[in-house]
Amino acid sequence: MPKYILIIGACGQIGTELTLTLREKYGSEYVIASDIREGNEDLMQSGPFEILDATNYDALEEVIAYYEISEVYLMAAMLSATAEKFPMRAWNLNMNTLFNVLNLAKEKKIDKIFWPSSIAVFGPNTPKDDTPQNTIMEPSTVYGISKQSGERWCEYYFKKFDVDVRSIRYPGLISWKTMPGGGTTDYAVEIYHKALSEGSYTCFLEEDTKLPMMFMDDAIRATLQIMEAPSENIKERSAYNLAAMSFTPKEMAKNIKAVIPEFEMGYEPDFRQEIANSWPSSIDDSSAQKDWNWKAEFDLEKTTETMLENLKNRV
Ligand SMILES: NC(=O)c1ccc[n+]([C@@H]2O[C@H](COP(=O)([O-])OP(=O)(O)OC[C@H]3O[C@@H](n4cnc5c(N)ncnc54)[C@H](O)[C@@H]3O)[C@@H](O)[C@H]2O)c1
């Protein structure tokens, strides 16, 4: 029996690439994309699409029944930088969409859920280097508070109601197909666009702010891998730490300069610096490695090479 998959927030930075990859793997007609807005041409032309506000339980239930959906990837959320500006909207969106999907699984209307968490679940009191899977978590941002609460609820629904929900704490994600949606690591995507179009970039973080990052192909591969793993292998029902590389804006600029020697980097830190200061510098993802064989493939050099190669034709 083929399974039908619903992606919520399919037009975003991750949702777009996730939808295209799932369609390639399972067949376009089995992967339903949904969002409150239309996405880019690649996405819109690749298969079925529904305008859907996932905060509306009845509308969500209707789409799930109509397409006989068994798996949901919930990618809709308000990200870290935007959430600081609209705290209540962020809380309502991030939590209500999660509760809607968890409750549909509790009611046995869907079988499996992917819901992404973030390194934002950690806070200023968390060990910064090689942050362990289980450690102090005192998030100091609206976004981080919503993600940490989400993790607790996922584990609760798994234990109480046997809901098969799986999650990853994504680091900052770097991609060329879509732009990022209002996070604190957005600089690591913008920098490549500006390097090609203007030869310079002014970074909104200080030069020595080291953060965990990942190239999108790795993030998508991890997402498919955790969803395909046998249920008994998923030992963490809150969310898994996931790592690939960690670097500072200064290191990234140096890396780009090696390819584009005339590239110049300036620094004008803004409110996002405080968010970044509260996050880890590097992540220990040994649990993901052990439980479902996770291994990253992209380092900074390979990321820069791939980003510049693909963006060259677009900018
Ligand atoms: N991009 C990153 O670096 C990163 C890092 C860690 C975690 N995450 C998490 O991954 C998920 C996806 O992130 P992203 O970067 O693709 O975000 P994004 O902002 O690029 O995309 C989110 C999408 O959700 C849609 N959306 C908003 N409200 C909606 C609603 N009510 N109903 C349906 N859709 C709605 C938006 O239109 C948008 O297309 C989020 O949960 C985010 O917190 C992302």
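Against the longest alpha carbon principal axis of the chain, how many degrees, from 0 to 90 and to the nearest 10, is the axis of helix 216-228 turned? Once rounded, the angle reads 20 degrees. The alpha-carbon positions of the stretch 167-225 define a convex hull whose volume is 95 Å³ per residue. Shown here for the stretch 100-141: trypsin sites (Lys or Arg not before Pro) in loop regions (DSSP other than H, G, I, E, B) with at most 10 other Cβ atoms within 10 Å, namely K108. Other residues within the sphere of radius under 10 Å centred on the Cβ of D284, judged by their own Cβ, net out at -3 (K and R +1, D and E -1).
DSSP loop trypsin sites (Lys or Arg not before Pro) in the stretch 227-315 with at most 15 other Cβ atoms within 10 Å of their Cβ, which ones? Answer in residue order: K235, K295, R314. Working note: Debye formula, equal point scatterers on the alpha-carbon atoms of the stretch 65-119, no solvent; log10 I(q)/I(0) at q = 0.20 Å⁻¹ is -0.74. If you take all other residues with their beta carbon under 13 Å from the beta carbon of N40, and give Lys and Arg +1 and Asp and Glu -1, the sum is -2.
Against the longest alpha carbon principal axis of the chain, how many degrees, from 0 to 90 and to the nearest 10, is the axis of helix 187-197 turned? It works out to around 60 degrees. Loop-located GluC sites (Glu not before Pro) across the stretch 1-77 with a Cβ neighbour count of 14 or fewer within 10 Å are E38, E68, with loop assigned by DSSP. Please give me the summed charge of the neighbours of P180: other residues whose Cβ is under 10 Å from its Cβ, Lys and Arg +1, Asp and Glu -1. That works out to -2. With the helix formula -39500 (n - 2.57) applied to DSSP H stretches of n ≥ 4, the chain reaches a computed 222 nm mean residue ellipticity of -13000 deg cm²/dmol.
Contact order for the chain, expressed relative to its length and based on alpha carbon pairs under 8 Å spaced 6+ residues apart, stands at 18 percent.
Kirkwood's formula applied to the C-alpha pairs of the chain gives a hydrodynamic radius of 19.8 angstrom.
We did not get these values from a lab; they are worked out from the coordinates using the rules stated. The structure displayed is predicted, hence computed values, not measured ones. We place every Cβ from the backbone using ideal geometry, glycine too, and count neighbours over all the protein chains shown.
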